[in-house]
Amino acid sequence: MPTGHPDRRLTAILAADIAGYSRLMGSDEEGTLKQLNELRRTLVEPIIAEHHGRLVKTAGDGMLVEFASSVEAVRCAVEFQRRMAERNAATPSERPIEFRIGINVGDIIAEDDDIFGDGVNVAARLEGLASPGGICVSSRVHEDVEGKIDVTFADIGERRLKNIARPIRVFRLRLDRSEPVARSIRQAILFPAAAAVLLLLLAALWAGLPDRLGPLGSSGPGVQSVKPAELGAKPVLAVLPFVNQGEDKEPDYFADGLTQDLISALGQFSAVTVMSWNAVAPYKERRARPGEIGQALGVRYQVEGSIRPTDGRVRIAAQLVDRDGRVLWSSRFDEPVEGVFVLQDKITAQIAGALAIEVAEIEQRRVLAKPTDNLQAYDYVLRARPALQRPTRSSIVEARALLRRAIELDPGYAAAYSALAETYLISTAMGWVQSPEAFLARAEDLAHKALSLDASEVRARIVLGRVHIFHLRYEQAKAEMDQSVALNPNDADGLAGRGNILTWLGHTKAAIEALERAQRINPEMSAIDRNTLSLAYYLDGRYAAAIEQAQINLREALGAQFGHALLAAAYAQQERLNDATEAAAALTRVDPTFDPQGFGSKLRNPSDLAHLREGLRKAGLYATPSLHQR
């Protein structure tokens, strides 16, 4: 197993993007792209070179630049914003191009001329806080440049930045001419969709952008057709993110990990439905009353608690409440840090008892089995988990390194092997690798290793099932997905994986049932699984539902261009030919090499494939078939 360490260094990172890009592209796509190319040639690249920066990558509306000096990074940003302000003043326009810039100093990982790491992610988050034409920097940058550059700073306080464990103190540069007032709050709300459209057009992405895409909340447009409250007769439970009450906020990941482990353990009891981590994660920053959460998520019971690490011990308070706020059970726990698995066992068992779940002793032993005796290995796995839940190319590279360290510390840690297998599967699915076959083979080997250590390792079975689907080994895929659902009937990924294979096998209604259930448990369904749900709806003749899911994918996910194909086919079946033509044109624009012959070719049922191709032909995407294709 490779154990090489990536190149690390401390550097200043500048992240920039265009404010209101969707508005610019919507009004004049060709003109906007022409202006951006001209800007890069005449302004961006010369200023970066003058200040000894390295342009790491660009993606239409965004750029990432590395500097050896914080002073040079800020000087570059100030000069750039001032010259942009002068340019916009000299050529008045109703739709000026304005950049937002964030600068941070941090430890980064360098790999294949790219850079990754928290330093990059913080810079990207700071850029999102800047006004159009403005600059935001971290406190580290402020300390480095204060008194060395003729600008003033405004301290806007500590901010909790998305997917960054610690709060960051943020400073906004006061620029005399380049700090225009933000056009509207609406631009900030619409930006994630603009970024998605941009990256679809240019077929590129840069580190941190995917994380800017907001989660699909239970009240958003993405889940109106499948409400959490419709989960059925079984009681529905939400384990809310445990609050870290320690003085050091750095170990937030530990509180998150405890929450996720409880979700996983309770999810294995078939008598309840347990909401996924993605469904409850928004309540980490936004606390709400039990009634509000109950209504939003459609849950009957909620587990909430806090964790306080202190002096080598972990103190946890937890309680079970109903949607009316009545406390059904509460308890406090105090154990040495090394006893964290004992705490998990106690909490899980007592919650199960409070819910009057009767389980066989053998099942309870399986559910409460501790993953490893090595606390440091467990810590590495916890640190890697966020990357698996919200993957970016950079975070997956870091997660892979963390998981390898966990395995070095405990070669018998099944969950670490299955998580490492997931990193290879995710990289392949996202198109981040040059050799998909090699990465899939690695994922398969690691999943088998995990199962050889623990046959009940659900995540490993899901990875194997996905790999089997890729290789068209449908019966093997179905067997793995069926076992994963049997082991944990509340694992949204397992349910979605089962829905995928059932779709390809032609069991459309059963596929929809599994995918809808996965979406109810985890409203933030992956683009791949949502695409399959859209396809299943189409094959079932539910064209409006297929359109809804495809539209959500195109609005919320990067690289979801196949949504255009399903939109075109569904519109055509509804005789909405103008809409079908527009969707087909959008597809050929973002993916000129789209192959209608290959699209949907995994479908085993000939009538399903014929149905799909009929819609593509009606939309003008598929030529009249030859005799041997009929």
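The values are calculated or read from the model by the stated rules, or taken from the named source; none is laboratory data. Computed from a predicted model, the values in this text were never measured in an experiment. No Cβ is skipped: glycine too gets one built from the backbone with ideal geometry, and neighbour counts run over all protein chains shown.
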Quiz prompt | First in the stretch 44-60 and on the phi > 0 side of the Ramachandran plot, second anywhere and surrounded by fewer than 21 Cβ atoms within 10 Å (Cβ to Cβ), Cβ under 6 Å, 6 or more apart | solution = H52/E72; G60/L202
Exercise. Select from the stretch 82-105 the residues that are buried (at least 19 other Cβ atoms within 10 Å of the Cβ) and more than 13 Å from A15 (Cα to Cα) and list them in ascending order.
Key: M84, A85, P96, I97, E98
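Can you name every residue in the stretch 407-434 that is β-branched (V, I, T) and in a helix (DSSP H, G or I)?
Here is the first cut: in the stretch 407-434, the residues β-branched (V, I, T) are 407, 423, 426, 428, 433.
Once the filter is applied, which keeps residues that are β-branched (V, I, T) and in a helix (DSSP H, G or I), the stretch 407-434 yields I407, T423, I426, T428.
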Quiz item: Quick check: is even one residue across the stretch 546-556 under 24 Å from A514 (Cβ atoms), in contact (Cβ under 8 Å) with a residue 60 or more places away in the chain and among the β-branched types (V, I, T)?
Solution: yes
Quiz item: Given the conditions (1) touching a strand residue (DSSP E or B) at 6+ places or on another chain (Cβ under 8 Å); (2) modelled with pLDDT of 75 or more, which single one is not true for D7?
Solution: (2)
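Can you confirm whether Y538 is buried (at least 20 other Cβ atoms within 10 Å of the Cβ), in contact with a Ser or Thr (Cβ under 9 Å, 6 or more places away or on another chain) and of a type in the set (S, T, Y)? Before you say what the answer is, go through the steps one by one.
Values: buried (at least 20 other Cβ atoms within 10 Å of the Cβ): yes; in contact with a Ser or Thr (Cβ under 9 Å, 6 or more places away or on another chain): no; of a type in the set (S, T, Y): yes.
The answer is no for Y538.
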Practice problem: Would you check if there is a residue in the stretch 521-535 being in contact with an Asp or Glu (Cβ under 7 Å, 6 or more places away or on another chain), basic (K, R) and within 26 Å of R390 (Cα to Cα)? | Solution: no
Exercise. Assess whether L126 counts as being closer than 24 Å to F254 by Cβ, surrounded by 20 or more Cβ atoms within 10 Å (Cβ to Cβ), aliphatic (A, V, I, L, M) and under 27 Å from the mean Cα position of the chain (by Cα).
Key: no
Exercise. Mind listing whichever residues of the stretch 141-162 are surrounded by fewer than 19 Cβ atoms within 10 Å (Cβ to Cβ), within 30 Å of the chain's Cα centre (by Cα) and not β-branched (V, I, T)?
Key: G157, E158, R159, R160, K162
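Out of all the residues in the stretch 485-509, which are in a helix (DSSP H, G or I) and more than 22 Å from the chain's Cα centre (by Cα)?
Looking only at the stretch 485-509, we keep the residues that are in a helix (DSSP H, G or I), and these are 485-487, 492-505, 508-509.
Scanning the stretch 485-509 gives V485, A486, L487, I501, L502, T503, W504, L505, T508, K509.
With the stretch 512-602 as the region, which helices (runs of 4 or more DSSP H) entirely inside it contain at least 3 residues that are at pLDDT below 90? Show your work before the answer.
Working: elements: 527-539, 543-556, 562-573, 577-590.
Counting at least 3 such residues, we get 543-556, 577-590.
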Exercise. With the checklist (1) at pLDDT below 80; (2) of a type outside the set (D, E); (3) touching a Phe, Trp or Tyr at 6+ places or on another chain (Cβ under 9 Å) in hand, flag the one item R172 doesn't pass.
Key: (1)
Quiz item: Which of the residues belonging to the stretch 283-308 are part of a strand (DSSP E or B) and crowded, with 20+ Cβ neighbours inside 10 Å?
Solution: Y301, Q302, V303, E304, G305, I307
Quiz item: Does V433 qualify as being surrounded by fewer than 24 Cβ atoms within 10 Å (Cβ to Cβ), free of Cβ contacts under 8 Å to residues at least 60 places away in the same chain, under 24 Å from the mean Cα position of the chain (by Cα) and under 24 Å from G267 (Cβ atoms)?
Solution: no
Practice problem: For the stretch 66-83, enumerate the residues that are of a type in the set (K, R) and farther than 11 Å from I149 by Cα. | Solution: R82, R83
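For Y283, are the conditions met, namely being in contact with a Leu (Cβ under 8 Å, 6 or more places away or on another chain), at pLDDT 75 or above and over 22 Å from A527 (Cβ atoms)?
Numbers: in contact with a Leu (Cβ under 8 Å, 6 or more places away or on another chain): yes; at pLDDT 75 or above: yes; over 22 Å from A527 (Cβ atoms): yes.
Criteria met by Y283.
Kindly indicate which of L402, L425, L409, L382 is within 23 Å of the chain's Cα centre (by Cα), at pLDDT 85 or above and more than 21 Å from A527 (Cβ to Cβ). Give the steps one after another, and end with the answer.
Values: L425 fails: more than 21 Å from A527 (Cβ to Cβ); L409 fails: within 23 Å of the chain's Cα centre (by Cα); L382 fails: at pLDDT 85 or above.
Just one listed residue meets the conditions, L402.
Report whether or not E444 is without any contact (Cβ under 8 Å) to a residue 12 or more places away in the chain and part of a helix (DSSP H, G or I). Quick ask: steps written out before the conclusion?
Values: without any contact (Cβ under 8 Å) to a residue 12 or more places away in the chain: no; part of a helix (DSSP H, G or I): yes.
So E444 fails the test.
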Practice problem: All but one of (1) of a type in the set (A, V, I, L, M); (2) outside any loop (DSSP other than H, G, I, E, B); (3) more than 20 Å from E66 (Cα to Cα) hold for A165, so report the exception by its number. | Solution: (2)
Practice problem: Working carefully through the options L355, L388, find the one that is within 30 Å of A429 (Cα to Cα) and either touching a helix residue (DSSP H, G or I) at 6+ places or on another chain (Cβ under 8 Å) or at pLDDT below 60 (or both). | Solution: L388
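If you go through the stretch 477-514 one residue at a time, how many are charged (D, E, K, R) and surrounded by fewer than 24 Cβ atoms within 10 Å (Cβ to Cβ)? It would help to see each step written out before you state the result.
Kept after step one, since they are charged (D, E, K, R), are these residues of the stretch 477-514: 478, 480, 482, 491, 493, 498, 509, 513.
In the following step, the residues that additionally are surrounded by fewer than 24 Cβ atoms within 10 Å (Cβ to Cβ) were identified as 478, 482, 509, 513.
The number of residues fulfilling the criteria is 4.
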Practice problem: For residues that are modelled with pLDDT of 80 or more and either in a loop (DSSP other than H, G, I, E, B) or under 27 Å from D334 (Cβ atoms) (or both), tally how many sit in the stretch 263-280. | Solution: 6
Quiz item: Does the stretch 570-588 include one or more residues that are crowded, with 19+ Cβ neighbours inside 10 Å, in contact (Cβ under 8 Å) with a residue 60 or more places away in the chain and not polar (S, T, N, Q)?
Solution: no
